[in-house]
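*Asks:* Here it is: the structure, laid out below.
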There are 2 protein chains.
Amino acid sequence: MLHSKLIHPKSIVVVGGSDNIHSPGGRVLKNLIDHNYEGRLFVVNPKKDSVQGVTSYKNINKIPKVDLAIIAISAKYILETVMVLTQQKNTKGFIIFSAGFSEKDEAGEKLEQEIAHLINEAGGSLLGPNNIGLINQHYTGVFTTPVPKLDKKGVDFISGSGATAVFIIEAAQSMGLTFSSIYTVGNSAQIGVEEILEYLDHSFEKKTSSKVKLLYIESIKDPRKFLKHTASLIRKGCKIAAVKAGSSEAGSRAASSHTGAIANSDVFVDTLFKKAGIIRCYGRNELITVAAILLQKESKGKNMAIITHAGGPAVMLTDVLSKNAINIPHLEGEASEVLLEQLFDGSSVSNPIDFLATGNAQQLGSIIDFCENDCPEIDAMAVIFGSPGLTGVEDVYEVLDKKIKTSKKPIYAILPSVVNVKNEIGEFIKKGNIAFHDEVLFGSALAKVYNHGTIGQLGKDPDLQFSRDIRELIERLPAGYMPTEAAVELLEYAGMKFAKPYQVRSEEELKLISKSVSYPVVLKVEGPLHKSDVGGVILDVSNEKEIYDGFYKLMKIDGAVAVIIQPMIKGMELFIGAKKETNYPHVILCGLGGIFVEVLKDISASMIPVTEEDALKMIADLKAYPMLKGVRGQSGINIQLFAEVIVKLSNLLTVAPEIAEIDLNPLMATENDLTAVDVRIRLERPKVTSVLQA
Amino acid sequence: MLHSKLIHPKSIVVVGGSDNIHSPGGRVLKNLIDHNYEGRLFVVNPKKDSVQGVTSYKNINKIPKVDLAIIAISAKYILETVMVLTQQKNTKGFIIFSAGFSEKDEAGEKLEQEIAHLINEAGGSLLGPNNIGLINQHYTGVFTTPVPKLDKKGVDFISGSGATAVFIIEAAQSMGLTFSSIYTVGNSAQIGVEEILEYLDHSFEKKTSSKVKLLYIESIKDPRKFLKHTASLIRKGCKIAAVKAGSSEAGSRAASSHTGAIANSDVFVDTLFKKAGIIRCYGRNELITVAAILLQKESKGKNMAIITHAGGPAVMLTDVLSKNAINIPHLEGEASEVLLEQLFDGSSVSNPIDFLATGNAQQLGSIIDFCENDCPEIDAMAVIFGSPGLTGVEDVYEVLDKKIKTSKKPIYAILPSVVNVKNEIGEFIKKGNIAFHDEVLFGSALAKVYNHGTIGQLGKDPDLQFSRDIRELIERLPAGYMPTEAAVELLEYAGMKFAKPYQVRSEEELKLISKSVSYPVVLKVEGPLHKSDVGGVILDVSNEKEIYDGFYKLMKIDGAVAVIIQPMIKGMELFIGAKKETNYPHVILCGLGGIFVEVLKDISASMIPVTEEDALKMIADLKAYPMLKGVRGQSGINIQLFAEVIVKLSNLLTVAPEIAEIDLNPLMATENDLTAVDVRIRLERPKVTSVLQA
């Protein structure tokens, strides 16, 4: 947890504070003073007695006890400084701006660890090194500009990159986006994004805390902790939007070289965000536009009225919204006739509501009232109003401001005239409003928010008996690919149906089996890993002669140790599998087999634990979903069974995290049945801790 | 063609000019004066002798002869004014700002037509009514602000919406995008987007004309003219980027209610743009970002170096580029080692090249020189440089400016600090540069431009013999669905292979046929339109008994007039079809049959005439393309044959525009053969003009 003295220090020392406001130490002091820090303030500067009017001490040993130290001196002096602060000054909060640590070289990394160790020992909290600091309601502990407008109900913003945080704050300014707090973690020697999320989670208070969190991150060191606190915040009523840079393979490599973290396959980040309920964004502008939408009143549905004095932007907004499943309901009826009479000739009220270039403030008021009171089919409004430069728009923006504050439905203001009515937009923002400038950026962000949907359950741990059998089996197996027999046993424990396989090693064994099986059957070689590639699978074996021929043929394959005989099952080919990556929970993948996965890459993914609701959503997200339901007169499959098997796999992986890789491919599905006919499982040691042992 | 007096008037009268610069007539006069119009200037204002220092006449009859009239008076007085101007003042150019015409009501439409008629009769050119005017190198004939920076090499911009033009000009300003000319067409009573394109095409001069054209359009009234001139401009070396608003169904309806034009299915616009070679955009910001990229030097390839002083934006840019098939090649070797030594510890030169927050101007120069001279694997550079607010960046932006001007490779400047170094960005822009502000918007626009590819051939008309047979057949058929026999004959003339059908109306005919066909065959009912729906298709009929049973069964179906007997052909199911819409050339669609079209909507489209190159690209664009080439050990089809049939259909449609609808579905494809087994053709009258008769 973050120490309260980092969050709300009663006294701050700026080590390296100076009169030069072009240096980090000088600028942070100026920011603290300019933004009215209310506690006691000291400076350590070997050459001065007073810096920017603040008492300066020439030596760290001389200062009084102090809650928080903001350190902006050369890296090599910092260990000593921290030692004095932790041991003599009862300092618990540390912000270190200086670079020259783990981002630089090994020596720097060692130094960073030593400093973090000292602070850990003292029970303190360290933000940085190599960051730009922290801004909250209590103090402005950053060395950068601009310092944004603070507001308790603004967004809490955590950034893994200082420069990116600055650029985001800059871009947010012209929209009027406000912040409640801003944290930058730098090298995260002690406090990372996860720890700040933990703090925001634990300190959350429904009435007073901000409900919107923004993240810019390049690596997630502790995905389970990240998931725990983001999911918890969201379930408490928060909205979280995040950019995880490095979403492409090349970008992931770039992020790794930047942060030193291991590159993650993006599917892990994506499913982690989905599991938590985070809205994923891919750029700064998108992130702040989504944040600005989240700060407005919540809409009850996805039905928008578009109110405009200019046709073009309304058409483009209609395009982007309707392509993204947001409705622009056609409006008609008596009330709309009455409204039309109040507008100039040539206006349209059918939605988009176009009240023409000559439309005025009074008309805008009437239109908004109409949408608010007379249109139960409308959930939210977007008002587009710019200016060709002839006349002012103060009166229009005043009406807009008033209506935004009094209307029950959210009203989004799209004000495109960033040059002609720049000042009026500034005034509008000063009143606490948000101004969007491009209707298409707004529209795609709105669709992202509105389509985000509700948050499901997080999933429960499976029951104990289920777990015990599986654990016993797993514990006695070595690492590597599991023998088919054991794999099938494992699936049985997990409650999954498998086409019963007979393992045949000799002619004698075959003699027995060949009499008792019901034909047709399938023969598969046991031994080689990629059976199909070596011609190790024979389908549709329909009598005793064929079974003998097949057996001889397969046993001649290099590495063959036995032949597996299974009933031949018909149906639609499905697959279910799982992947694992360091520190992340497993990700389950599913889809249709054959060309659907190989050519069309039609795959759904979800992070465990996967609930039945999750599994049904995974299946419905497949492009081939209509085929599963049945098309062109062909019957579909039992989707419920498909979902159940996914949940069973999720349970299995939860109790057997040693499973590094599992593939049920194919499973054969019909209207009544779902049976796996092939399985491959690989175990990894050293053993990972299972949920039961944790 | 646009009259030269509209483009370059030696004298202008502002009818309705006033001292009130908040009115259109007052503001356009001020714009003309402020931007140094060099010709003679008059005003007509019944109350004044002088307006803004310009001679004013109280009556239109009193003015001298004048080249161009800019009219900003009430609609009802305009007809009379235009009469005087055309008949007495030798006026040839007309810009009418006033509203109250076809956009308002029927009376307005009639008035508009009368005015246009007068101007047509006089051989003049009319821009408007209901527009904001025109800006070019000769005069500033708009009543709006801001008036953008003009530059002969800036973009030529045509807008179907005045307000949208203003918002685009405003948004372009902060980037430094310059304009060569701006045309707004308003109601297009005489001059529409197509006529301005025609003018730009005919007046194009390779050395002096701008090479970048921007369009914002809501409807395309004359698609063939539009295609002719956009394609011509592009083949002369221009780049055209365009927003066609109304790309969604709802948006198209909104645009129609705004412009009164018929809604177009978006596939027609999309294929029209592709045929011409236009880069399609979907919003104002995207449009100007694409335009800004087009104004820079052309890149020789798709390999980018990303140069940055901040990790985050570089990672996000890498993400968006690499997801869109733009390469960020890994850089290494001796030269990069030498470069690394010039940078601060912790920098990275592997690409992205990160020279840290402390990176300076000199280092930036070295990095750019390295990419320019030592990296043949790099085609273009993106430089990201902002500021956290501590120090200035003038020296960095100076280096950037110099290198942009001297480097052979394009260098894109991404300057995110729109607040901290606003003035420096302004200075950078003043030197003629473009500044991008958001790396992800830039990256997706860049990918759009770089992936746009080269322009193919426009396609030729088919030869005459081919045409004559088809025309003869078409001319003797009535409108409506063609009988199968005639349809098959038409396909034969067009050179397409069809599974030979035998039409059987009676037992006697069947007796003959049943002996001679080679089994298996397919039986299809003739008469009902949707054969499958009424059980009118019987597959795999393998002997005489089955053929009789089938015949009796099918002839009992309501509306049955005959039974078609065809050889049963095996292979992969494909489809080829075509759609038609008023004024547009046909669009050909192709894909795999069955679930690929019905469930996965995997369809490619192209506007006729379709060349072999186009057809091969259509096929390669299918998601299922790998299946056509052969996957999972299954053989593919003859793709060349598939393309040839598409070209043959294109030729057929060119000479037989009466074909309103044609479906070859399915065609059966193997490695060696492609045979259509079913066809449906609908003809429409009154006859449309064929290319041969035109």
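*Asks:* Could you point to the residue in A:Ala165, A:Val399, A:Gly571 farthest towards the positive end of chain A's charge dipole, with +1 and -1 charges on the Cβ of Lys/Arg and Asp/Glu respectively?
*Replies:* Towards the positive end, the residue furthest out is A:Ala165.
*Asks:* Sticking with this structure for a sec: When the dipole is taken about the Cα centre of region A:576-676, and only Lys, Arg (+1) and Asp, Glu (-1) are charged at their Cβ, what size is it in debye, to the nearest 20?
*Replies:* On the way: 8 positive and 13 negative charges, 55 e Å.
So the dipole magnitude of region A:576-676 works out to roughly 260 debye.
*Asks:* What's the percent breakdown of Cα-Cα distances in region A:4-132 across 10 Å bins, shortest bin first?
*Replies:* Distribution as computed: 14, 48, 33, 5 percent.
*Asks:* Return the average number of partner chain Cβ atoms within 10 angstrom of each residue Cβ along peptide A:166-179.
*Replies:* Values: counts 10, 17, 2, 3, 12, 6, 1, 2, 3, 0, 0, 0, 0, 0.
Partner-chain Cβ atoms within 10 Å, mean over residues of A:166-179: 4.
*Asks:* Indicate the residues belonging to region A:89-115 that lose 20 Å² or more of solvent-accessible heavy-atom surface (probe 1.4 Å) upon moving from the chain alone to the assembly of all protein chains, ignoring ligands and nucleic acids.
*Replies:* Residues passing the criterion (a loss of at least 20 Å², heavy atoms only) are A:Lys104.
*Asks:* How high is the relative contact order of chain B, in percent, counting Cα pairs under 8 Å that sit 6 or more residues apart? Please list the in-between numbers first.
*Replies:* On the way: 1397 pairs, mean separation 56.2, N = 694.
Relative contact order for chain B comes out at 8 percent.
*Asks:* With +1 on each Lys and Arg Cβ and -1 on each Asp and Glu Cβ, and nothing else charged, work out how big the dipole of region A:97-159 is about its Cα centre, in Debye to the nearest 20. Intermediate results must be reported in sequence, preceding the final value.
*Replies:* On the way: 5 positive and 9 negative charges, 102 e Å.
Its charge dipole is roughly 480 debye.
*Asks:* Still on this structure, I have one more. Charges at C-beta only: +1 for Lys and Arg, -1 for Asp and Glu. How large is the resulting dipole of chain B about its Cα centre, in Debye rounded to 20? Write out the running numbers ahead of the final one.
*Replies:* Values: 75 positive and 82 negative charges, 449 e Å.
Once rounded to the nearest 20, the dipole reads 2160 debye.
*Asks:* Using the charge dipole of the protein assembly as shown (Lys, Arg: +1 at Cβ; Asp, Glu: -1 at Cβ; taken about the Cα centre), state which of B:Val14, A:Ser650, B:Ile470 has its Cα farthest towards the positive end.
*Replies:* B:Val14
*Asks:* Once phi is turned into ³J(HN,Hα) by the Karplus curve 6.51 cos²θ - 1.76 cosθ + 1.60 with θ = phi - 60°, what whole-Hz value does each residue of region A:391-406 show in order, with x for glycine and proline?
*Replies:* 10, x, 10, 3, 5, 5, 5, 5, 4, 4, 4, 5, 5, 4, 6, 9
*Asks:* log₁₀ I(q)/I(0) of region B:148-294 at q = 0.16, 0.18, 0.19, 0.22 Å⁻¹, via Debye over equal Cα point scatterers, no solvent, to two decimals?
*Replies:* -0.81, -1.04, -1.17, -1.59
*Asks:* Write down the Kirkwood hydrodynamic radius of region A:298-374, to one decimal in angstroms, obtained as one divided by the mean of 1/r over all alpha carbon pairs.
*Replies:* Numbers: mean 1/r = 0.0782 Å⁻¹.
Computed over Cα pairs of region A:298-374, the Kirkwood hydrodynamic radius comes out at 12.8 Å.
*Asks:* Next question. Quick one: which residues, 5 or more positions from B:Leu41 or on another chain, have an amide H under 5 Å from its amide H? H modelled 1.01 Å from N in the peptide plane, none for Pro or chain starts.
*Replies:* Hits under the 5 Å cutoff: B:Ile12.
*Asks:* Sticking with this one: Going Cα to Cα from A:Lys10, which aspartates and glutamates come in below 12 Å? Please leave out same-chain ones fewer than 8 positions away.
*Replies:* Within the straight-line cut-off, A:Lys10 pairs with A:Glu38, A:Asp67.
*Asks:* From the phi of every residue in region A:35-46, what ³J(HN,Hα) in whole Hz does the Karplus formula 6.51 cos²θ - 1.76 cosθ + 1.60 yield, where θ is phi - 60° and glycine or proline is x?
*Replies:* 9, 6, 4, 9, x, 7, 10, 10, 10, 10, 8, x
*Asks:* Which chain B residue sits with its beta carbon nearest the axis carrying B onto A, and how many Å away is it, rounded to a whole number?
*Replies:* B:Leu600, 4
*Asks:* In Å², and per residue, what accessible area does region A:28-87 have when probed at 1.4 Å with the other protein chains present? Walk me through the intermediate numbers first.
*Replies:* Details: 3090 Å² over 60 residues.
It amounts to 51 Å² per residue over region A:28-87.
*Asks:* Using 26 Å as the Cα-Cα cut-off, could you pick out the over-long pairs in B:Lys448/B:Lys617; A:Lys430/B:Lys104; A:Lys228/A:Lys431; A:Lys30/A:Lys62? Walk me through the numbers before you get to the answer.
*Replies:* Details: B:Lys448/B:Lys617 18 Å; A:Lys430/B:Lys104 38 Å; A:Lys228/A:Lys431 37 Å; A:Lys30/A:Lys62 22 Å.
From the list (B:Lys448/B:Lys617; A:Lys430/B:Lys104; A:Lys228/A:Lys431; A:Lys30/A:Lys62), the Cα-Cα distance tops 26 Å for A:Lys430/B:Lys104; A:Lys228/A:Lys431.
*Asks:* With every protein chain left in place, what is the accessible area per residue of region A:148-294 in square angstrom, probe 1.4 Å? Display every interim value, and only then the final one.
*Replies:* On the way: 4350 Å² over 147 residues.
Per residue, region A:148-294 has an accessible area of 30 Å².
*Asks:* Continuing with the same structure: Quickly rank A:85-94, B:576-585 as a protection proxy: mean count of other C-beta atoms within 10 Å, highest first. Could the numbers behind the result be given before it?
*Replies:* Values: A:85-94: 21.4, B:576-585: 19.1.
Answer by packing, highest mean first, reads A:85-94, B:576-585.
*Asks:* Still on this structure: Using protein chains only (no ligands, no nucleic acids) and a 1.4 Å probe, work out which residues of region B:399-435 have their accessible area cut by at least 10 Å² relative to the chain alone.
*Replies:* Residues passing the criterion (a loss of at least 10 Å², heavy atoms only) are B:Pro416, B:Ser417, B:Val418, B:Val419, B:Asn420, B:Lys422.
*Asks:* Let me ask something else. Antiparallel versus total DSSP beta bridges in chain B: what percent is that, nearest 5? Working shown, then result.
*Replies:* Details: 46 of 97 bridges.
The antiparallel proportion sits near 45 percent.
*Asks:* Same structure again: Where does chain B land on Rg(C-alpha)/(2.2 N^0.38 Å)? Intermediate values should be presented prior to the final figure.
*Replies:* On the way: Rg = 31.5 Å, N = 694, 2.2 N^0.38 = 26.4 Å.
Here the answer is 1.19, to two decimals.
*Asks:* For chain A, give the percent of accessible area contributed by carbon and sulfur heavy atoms, probe 1.4 Å, rounded to a whole number.
*Replies:* Numbers: 14000 of 28090 Å².
The value for chain A is 50 percent carbon and sulfur by accessible area.
*Asks:* Tell me which of B:Ile196, B:Pro585, B:Val449 sits at the most positive position along the dipole axis of chain B, charges placed on C-beta atoms (Lys, Arg +1; Asp, Glu -1).
*Replies:* B:Ile196
*Asks:* Something else: Between region A:355-379 and region B:7-45, what is the separation of their alpha carbon centroids in Å?
*Replies:* 36 Å
*Asks:* Which residues, if any, in region A:301-337 lose at least 20 square angstrom of accessible heavy-atom surface (probe 1.4 Å) when the other protein chains sit next to their chain rather than the chain being alone?
*Replies:* Residues shielded by partner chains are A:Ala310, A:Gly311, A:Gly312, A:Pro313, A:Val315, A:Met316, A:Thr318, A:Asp319, A:Ser322, A:Lys323.
*Asks:* Once you have all Cα-Cα distances for region A:230-331, histogram them in 10 Å bins from zero and send the whole-percent values.
*Replies:* 13, 31, 32, 18, 6, 0
*Asks:* Percent relative contact order of region A:4-132, based on C-alpha pairs within less than 8 angstrom and at least six residues apart?
*Replies:* Values: 253 pairs, mean separation 29.4, N = 129.
Once normalised by length, the contact order is 23 percent.
*Asks:* Still on this structure, I have one more. Based on DSSP H runs of at least 4 residues, each adding -39500 (n - 2.57), what is the mean residue ellipticity at 222 nm of chain A after dividing by all its residues, to the nearest 500 deg cm²/dmol? Each step should come with its number before you reach the end.
*Replies:* Numbers: 24 runs with 258 residues, N = 694.
Rounded to the nearest 500, it is -11000 deg cm²/dmol.
*Asks:* Here's something else I'd like to know. How much of the DSSP beta bridge set in region B:4-132 is antiparallel, as a percent to the nearest 5? Could the numbers behind the result be given before it?
*Replies:* Working: 2 of 20 bridges.
Of those bridges, close to 10 percent are antiparallel.
*Asks:* If you count only protein heavy atoms with a 1.4 Å probe, what accessible area per residue comes out for region B:333-432, rounded to a whole Å²? All intermediate terms of the calculation are to be shown ahead of the outcome.
*Replies:* Numbers: 4220 Å² over 100 residues.
For region B:333-432, the solvent-accessible area averages 42 Å² per residue.
*Asks:* Output the 0 to 90 degree angle, nearest 10, between the alpha-carbon long axis of helix B:439-450 and the longest principal axis computed from the alpha carbons of chain B.
*Replies:* That helix lies at roughly 60 degrees to the long axis.
*Asks:* Checking an interface number: how much accessible area is buried between A and B, summed over both chains, with a 1.4 Å probe, in Å² rounded to 100? Show your work: numbers first, answer last.
*Replies:* Numbers: alone 31050 and 31020 Å², together 56170 Å².
Counting protein atoms only, the buried area is about 5900 Å².
*Asks:* Can you give me the C-alpha center-to-center distance between region A:271-309 and region A:597-614, rounded to a whole angstrom?
*Replies:* 24 Å
*Asks:* Separate question: Given the pairs A:Lys239/A:Lys300; B:Lys225/B:Lys275; A:Lys300/A:Lys408, which span a C-alpha to C-alpha distance of over 20 angstrom in this model?
*Replies:* Values: A:Lys239/A:Lys300 16 Å; B:Lys225/B:Lys275 13 Å; A:Lys300/A:Lys408 10 Å.
Distance filter (> 20 Å) returns an empty set.
*Asks:* Another question, then. How would you classify the protein assembly as shown from its alpha-carbon gyration tensor, with a ≥ b ≥ c the square roots of the eigenvalues: rounded for a/c under 1.5, else prolate if a/b is greater than b/c, otherwise oblate?
*Replies:* Working: a/c = 1.98, a/b = 1.03, b/c = 1.92.
Because a/c hits 1.5 or more and a/b fails to exceed b/c, the protein assembly as shown counts as oblate.
*Asks:* Given an 8 Å cut-off on Cα distances and at least 6 residues of separation, report the relative contact order of region A:304-450 as a percent. Provide the component values of the computation, followed by the final result.
*Replies:* Details: 240 pairs, mean separation 40.0, N = 147.
Computed value for region A:304-450: 27 percent relative contact order.
*Asks:* Share of antiparallel DSSP beta bridges in the protein assembly as shown, in percent to the nearest 5? Intermediate values should be presented prior to the final figure.
*Replies:* On the way: 93 of 195 bridges.
Rounded to the nearest five, the antiparallel share is 50 percent.
The values are calculated or read from the model by the stated rules, or taken from the named source; none is laboratory data. Just so we're clear, the structure is a prediction, and the values are computed from it rather than from any experiment. A quick note on method: Cβ atoms are made from the backbone with ideal geometry, for glycine too, and the neighbour counts reach across all protein chains shown. When the accessible area is computed, the model is the full protein with side chains, heavy atoms only, and any ligands, DNA or RNA have been set aside. Shrake-Rupley method; radii C 1.70, N 1.55, O 1.52, S 1.80 Å.
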